[in-house]
Amino acid sequence: MKTIFGFLCGLIFGTGLVISGMSDPAKVLNFLDLFGTWDPSLAFVMGGAVVVTFFGYRVVLGRPSPVFSEVFHLPQRTDIDGQLLTGAGLFGVGWGLGGFCPGPALTALPLLSTGILAFFPALLIGMWAGKMGPTFLSARA
Amino acid sequence: MTEFTPIASLFGGALIGLAAVLLMAIHGRIAGISGISVSVLPPWAGQMARGEIGWRLAFIAGVIAAPLAYHLVAGQAVQQTVSTNVSLMVIAGLITGFGSVYGNGCTSGHGVCGMSRLSMRSFVATGVFMATAFVTVLITRHVLGA
């Protein structure tokens, strides 16, 4: 059941990416092109997602626990550190270059375009390094 | 040019939100694509309990299956235009992957889930990655003229 619900959540998430147009890098890059062929659609994606999540979380997090876990696993950190700023800054650069953030990279995968076949393995290597780097450094410290 | 699609985008966005709420209700987890994706890579995948890795792999499979399901149900292929510049896409992939994990989240984890929890870290991260993304496109399209 855990696995089935995980799959369904992913399927709904991915369908949202596809219907919203977020899965199309051309639409993403046009959203980011304020001074050119600006397409404001993606502001509506973020708006719709945040409104539903904001009110949905208020209902869900008011419950004693999730269905398949003892507790809600919520990030506890509140500090703004260099790692957060550097990571977010780099992520934006990559997103602006390729037009893919990680979710749409997954929905693009079965469509097998040349671009995604180049992008996806590099994305995984980058992610691996992004987690291994801090792990390695903190182990040495 | 791409067509302005406020209704479809709002509806699609609401579905993304619904998935994030369901994942929290069922598994008690943030629907962050970069965090979920990196956690199923070695060596971290091997450090997780079986049930923990199962739903993550299933979630990823669900996202990947979505465009195929859409094609079957809607009867039309998913529209997308992807750059064919292989070296550009490799560089973009490396930077996107590294930055999203190093900064503890991407558009979904920080942008959707974090801002909905009113997390200051997520507001700052989202502001920063939106800003650098806008500047990157400004430079590539209007300064370099690509």
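Largest first, how would B:Val63, B:Val21, A:Val51 line up by accessible area (1.4 Å probe)?
Ranking B:Val63, B:Val21, A:Val51 by accessible area, largest first, yields A:Val51, B:Val21, B:Val63.
Taking +1 at the Cβ of each Lys and Arg and -1 at the Cβ of each Asp and Glu, which of B:Met24, B:His71, B:Thr81 sits farthest along the dipole of the protein assembly as shown towards its positive end, judged by Cα position relative to the Cα centre?
Towards the positive end, the residue furthest out is B:Met24.
For region B:1-139, rounded, prolate or oblate, judged on the Cα gyration tensor with a ≥ b ≥ c (square roots of eigenvalues), a/c < 1.5 rounded, else prolate if a/b > b/c?
rounded
With a/c under 1.5 counting as rounded, go ahead and sort region B:53-103 into rounded, prolate or oblate using the C-alpha gyration tensor (a ≥ b ≥ c being the square roots of the eigenvalues; past the cut-off, prolate if a/b is larger than b/c, else oblate).
oblate
Given Cβ point charges of +1 (Lys, Arg) and -1 (Asp, Glu) and nothing else, what value in debye, to the nearest 20, does the dipole of chain A about its Cα centre take?
380 debye
Can you give the Rg and Dmax of region B:83-146 based on its C-alpha atoms, in angstrom?
13.6, 39
For chain A, set up a Gaussian network in which alpha carbons nearer than 10 Å are linked by springs, and say which option among A:Gly92, A:Gly36, A:Gly14 fluctuates the most.
Top of the fluctuation ranking is A:Gly36.
Per DSSP helix of 4 or more residues, -39500 (n - 2.57); summed, then divided by the residues of chain B. What does that give at 222 nm, rounded to the nearest 500?
After summing the helix terms and dividing by the residues of chain B, the value is -20500 deg cm²/dmol.
Keeping all protein chains in the complex and leaving out DNA, RNA and ligands, what accessible area do you get for A:Cys9 with a 1.4 Å probe, in Å² to the nearest 10?
Taking all protein chains as shown, A:Cys9 has close to 0 Å².
On a C-alpha basis, how far is the centre of region A:75-125 from the centre of region A:16-70 in Å? Whole number, if you could?
16 Å
Projected onto the charge dipole of chain B (+1 at Lys/Arg Cβ, -1 at Asp/Glu Cβ, origin at the Cα centre), which of B:Ile36, B:Phe129, B:Pro6 gives the Cα projection farthest towards the positive end?
B:Ile36
Cα gyration tensor of region A:34-139, axes a ≥ b ≥ c as square roots of the eigenvalues: rounded (a/c below 1.5), prolate (a/b > b/c) or oblate?
Verdict is oblate for region A:34-139.
So how strong a dipole does the protein assembly as shown carry about its Cα centre when Lys and Arg Cβ are +1 and Asp and Glu Cβ are -1, to the nearest 20 debye?
That gives the protein assembly as shown a dipole magnitude of about 580 debye.
As a test of reading the structure, rank A:Phe31, A:Phe5 by solvent-accessible area (1.4 Å probe, protein chains only), most first.
Ranked list, largest accessible area first: A:Phe5, A:Phe31.
The values are calculated or read from the model by the stated rules, or taken from the named source; none is laboratory data. Everything quoted here is computed from the prediction, not taken from an experiment. When we count neighbours, we look across all protein chains shown, and the Cβ atoms used for this are built from the backbone with ideal geometry, even at glycine. Quick note on the areas: whole protein, heavy atoms, side chains included, nothing else; ligands and nucleic acids left out. Shrake-Rupley method; radii C 1.70, N 1.55, O 1.52, S 1.80 Å.
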